[in-house]
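The values are calculated or read from the model by the stated rules, or taken from the named source; none is laboratory data. Only a predicted model underlies this, so the values are computations on that prediction, with no experimental measurement involved. So basically every Cβ, Gly included, is an ideal-geometry build from the backbone, and we count neighbours across all protein chains shown.
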């Protein structure tokens, strides 16, 4: 009986569903961009365009004042006067880490000072009278002694590591080159020596007055060749010979972190500063650093971009710790000059 009542309802429900389905419509959305949106898409794909207004360029044709840093001709300031062992015959010195080491010929020893040269930290007695000193490795230095040879020293503990007796070889100036080789020089002879074998591996004759030699990278070295010239050698070739009539009796040779070369002239009482391409930058009077006859000049290897520290000494006198500040000067540059330096 109940089933008979439900059946007509089912038929009605089916009819209603069929009618609803008939009334359902297919709906879709179509976006049509406006002209401004279309232009935006086009410009974005090409990242736009640049138009140069020539009238604005002409307004820049006047002179422009621009700062230019000169890394070579700054002022030189004396930071400290170091009276090494009361002036007892100092002949050479070096920077190593945060310390200063000096050879004291009159007392046959090497002394170690703190970085500003105001405190004597330790000293080491040597078998002979020392002249020059050179860095070998991080904590190792070599000291030359004419008639004796070369002493290898631990610069940290200040103890003797090795003595190379070279009685028949000319030894005065000294520098360390690659591997286990030294270059020593005196008067008219440069000698290459192997540390381990103590054998001479090369020689070069000079025109005389060769007291100091400076080693450089890539098998390069500089030495005095007669009283008013220095030679810059790379490998077996002469890069240049710098000669100047005012350069009399060259002694110490130094190089700053920019590669500029400094040549101490003891008789003419000044220091020549030249580029590593032989150009004279300036002549520095010895009186600028408070001495009369410059003998040795050495630069700190860890100088910064704005200043360079060096020690300059006069043989058997006080040592001067100096600072060379690089000056900044203004120059006028035209806009046309700038355009000439721009790539096409």
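If only residues of the range 93-107 that are in contact with a strand residue (DSSP E or B) (Cβ under 9 Å, 6 or more places away or on another chain) and outside any strand (DSSP E or B) are counted, the one that is nearest to residue 301 (Cα to Cα) is 98.
Here residue 247 meets the list (1) within 30 Å of residue 153 (Cβ to Cβ); (2) surrounded by 19 or more Cβ atoms within 10 Å (Cβ to Cβ) almost entirely, failing just condition (1).
Results for (1) closer than 19 Å to residue 230 by Cβ; (2) over 28 Å from the mean Cα position of the chain (by Cα), shown as yes or no for each residue.
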| residue | (1), (2) |
| --- | --- |
| 154 | no, no |
| 173 | yes, no |
| 182 | no, no |
| 188 | yes, yes |
| 198 | no, yes |
| 201 | no, yes |
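Among the residues making up the range 238-259, a single one is more than 25 Å from residue 308 (Cβ to Cβ), at pLDDT 90 or above and in a loop (DSSP other than H, G, I, E, B): 245. Here the range 277-291 is the region considered, the condition is being modelled with pLDDT under 90 and assigned to a loop (DSSP other than H, G, I, E, B), and the residue that is surrounded by the fewest Cβ atoms within 10 Å (Cβ to Cβ) is 290. Scanning the range 134-155 for residues being farther than 19 Å from residue 180 by Cβ and either in contact (Cβ under 8 Å) with a residue 40 or more places away in the chain or touching a strand residue (DSSP E or B) at 6+ places or on another chain (Cβ under 8 Å) (or both) gives a total of 3.
Among the residues of the range 105-122, are any surrounded by fewer than 17 Cβ atoms within 10 Å (Cβ to Cβ) and closer than 27 Å to residue 179 by Cα? No, the conditions are met nowhere in the range 105-122.
Can you find a residue in the range 108-115 that is outside any loop (DSSP other than H, G, I, E, B) and either more than 19 Å from residue 140 (Cα to Cα) or modelled with pLDDT under 85 (or both)? Taking every residue of the range 108-115 in turn, none turns out to be outside any loop (DSSP other than H, G, I, E, B) and either more than 19 Å from residue 140 (Cα to Cα) or modelled with pLDDT under 85 (or both). Evaluated against (1) over 23 Å from the mean Cα position of the chain (by Cα); (2) crowded, with 20+ Cβ neighbours inside 10 Å; (3) touching a residue at least 40 places away in the same chain (Cβ under 8 Å); (4) part of a strand (DSSP E or B), residue 131 falls short on exactly one condition, (4). The lone criterion from (1) crowded, with 17+ Cβ neighbours inside 10 Å; (2) touching a helix residue (DSSP H, G or I) at 6+ places or on another chain (Cβ under 9 Å); (3) assigned to a loop (DSSP other than H, G, I, E, B) left unmet by residue 271 is number (3). Please verify whether the range 79-90 includes one or more residues that are touching a helix residue (DSSP H, G or I) at 6+ places or on another chain (Cβ under 6 Å) and in a loop (DSSP other than H, G, I, E, B). Within the range 79-90, one or more residues are touching a helix residue (DSSP H, G or I) at 6+ places or on another chain (Cβ under 6 Å) and in a loop (DSSP other than H, G, I, E, B).
Residue count for the range 66-95, restricted to those that are at pLDDT 75 or above and under 15 Å from residue 117 (Cβ atoms): 14. The residues in the range 239-264 that are out of contact with any strand residue (DSSP E or B) (no Cβ under 6 Å at 6 or more places or on another chain) and closer than 19 Å to residue 188 by Cα can be counted, and the count is 1.
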